[in-house]
Amino acid sequence: MFERFTQDARTAVVQAQELARELHADRIGTQHLLAGAVRTEGSAASRALASLGIRPADVDAAVRRRSSTGLDADALAALGIDLEAVRARAERLFGVGALDRPAPGRGGRRGTHVPFDTTAKKLLETTLREAVAAGHRRIDTGHLLLAAVRLEDVPAHQVLLGLGLAPEEVRRAVRRAWAEPDDGPAGVLVG
């Protein structure tokens, strides 16, 4: 299937793997694929969400909030510690994702393969279905975004909802992004 991916879609998958590693995830999830798709500058997904007022940093932040950091906000709140205030200060002082990174000298998983989780595999299969339904030979980040809104039971869908996006408005935004000059997968029927 990856042979049908445009360069932007391939870059999105690489970005997803990098984000999964950065967040110390054991597997690449749909939320990582979503973030990778919008992190890819100029991609159909990034342009579609930008037209709806959503920046790549917004998606990144939403994905980071969903990732497990091992810090229990409720337990800390019981002790009078506001985790969001601590996170905001740490990110101001040390950069975005400071609480998500391993301590210096602790190593990490850099350079190792991170496999897709079951929902990410399902999303990737659905991107192919979206391309076929649109009559496209190639799969781009727009198809990844369409798959994320189609699959209601995956984390990427929840991230989009959390950003205040309705599935139909995302679908329209992807179609508009494809209609922009000099973009979009080849509009020839798969067959």
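What follows draws every value from the coordinates through simple rules; no lab data is involved. Because the structure is a prediction, the values reported are computed rather than measured. Here the Cβ positions follow ideal geometry from the backbone for every residue, glycine too, while neighbour counts run over all protein chains shown.
Starting from the Cα-Cα distance between Ala50 and Leu79, subtract it from 0.36 nm times their residue separation and give me the gain in nm to one decimal. Can you show the working numbers first?
Working: separation 29, 0.36 × 29 = 10.44 nm, distance 3.94 nm.
Gain in length upon complete extension: 6.5 nm.
Simple spin-label model, 7 Å along Cα-to-Cβ: His24 to Leu93 in nm?
1.9 nm
Could you list which residues have their amide H under 5 Å from that of Ile28, counting only those 5 or more apart in sequence or on another chain, with H placed in the peptide plane?
Phe116, Asp117
Given H placed 1.01 Å from N in the peptide plane, which residues other than close sequence neighbours of Phe5 have an amide H under 5 Å from its amide H?
For Phe5, the qualifying residues are Ile139.
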